[in-house]
Amino acid sequence: MARQLRGHHLLCTSLFRGKGYSDGFCAGMEQIVSALHGDIDQMVCLIAEPDGICANCPKLTPEKTCSSNHNHVIHKDAAVLHTLQLEEGEELTLRELLEKAEQTITEEVFGNICGDCSWKKEGLCSYEELKQRFTELQNSGSDK
């Protein structure tokens, strides 16, 4: 079975630096990032709804939406899916997703998707770093 991942979390997991909303969130994120990056040939299904990362987020409401900025993350998910030319629920390997993202996410697209993100505003991520991480992640699994 494919691992479900919010569309915009493809970007977040690539840039994760151990910082987050709470200790519980960071621990959960670290676990998911390690599992993802430990096997980039695993199947991943991009979705536009809460995933395992959201489960530990203090902004997740009982209605399974984001309490921040009127559930704005749903638009980020849709933008990533649109940019990658994927339908919600489509399954690819993480390697394939990283390749597609590296080829299609331009600096302008990154700005549109991540421009209002608090982590970007705090300087925890950038377009240049994202492109570098996509390449590093693909190369880390190239011996398989």
- Estimated FRET transfer efficiency when R0 is 22 angstrom, pair Trp119-Asp41 (beta carbons, to 0.05): 0.20
- Item | Size of the range 53-112 as Cα extents on the principal axes (Å, biggest first) | 36, 25, 18
- Task: Please list the non-local residues whose amide H lies under 5 Å from the amide H of Thr93, H modeled 1.01 Å from N, same-chain partners needing a gap of 5 or more.
- Result: Val44
- Run the quick spin-label model on Gln85 and Ser34: label points 7 Å from Cα toward the beta carbon, then report their separation in nm to one decimal. 3.7 nm
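Please compare each pair in Lys59/Lys121; Lys76/Lys120; Lys19/Lys59; Lys64/Lys131 to a cut-off of 20 Å on the Cα-Cα distance and tell me which ones are over it. Before the final figure, lay out the partial values.
Numbers: Lys59/Lys121 18 Å; Lys76/Lys120 14 Å; Lys19/Lys59 15 Å; Lys64/Lys131 31 Å.
Beyond 20 Å: Lys64/Lys131.
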- Message: Run the helix sum for the chain: -39,500 (n - 2.57) per DSSP H stretch of 4+ residues, divided by residue count, reported at 222 nm to the nearest 500 deg cm²/dmol.
- Response: -14500 deg cm²/dmol
- Count the net charge of all other residues whose Cβ sits under 11 Å from the Cβ of Asn69, scoring Lys and Arg as +1 and Asp and Glu as -1. +1
- Return one whole number: the accessible area per residue of the chain in Å², for a 1.4 Å probe. 53 Å²
- Task: From the P(r) of the chain, can you give the percent of Cα pairs sitting at distances over 26 Å?
- Result: 16 percent
- Item | Calculated P(r) of the range 1-83 - Cα pairs past 20 Å, % | 30 percent
- Task: Return the carbon/sulfur percentage of the accessible area of the chain, one whole number, probe 1.4 Å, all protein chains in place.
- Result: 48 percent
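For Arg3 and Lys59, FRET efficiency with R0 = 22 Å and r from the beta-carbon atoms, rounded to 0.05?
Calculated transfer efficiency: 0.55.
The values are calculated or read from the model by the stated rules, or taken from the named source; none is laboratory data. Keep in mind that what you see is a predicted model, and the values were worked out from it rather than measured. A quick note on method: Cβ atoms are made from the backbone with ideal geometry, for glycine too, and the neighbour counts reach across all protein chains shown. Surface accessibility is based on the protein's heavy atoms, side chains included, excluding ligands, DNA and RNA. Shrake-Rupley method; radii C 1.70, N 1.55, O 1.52, S 1.80 Å.
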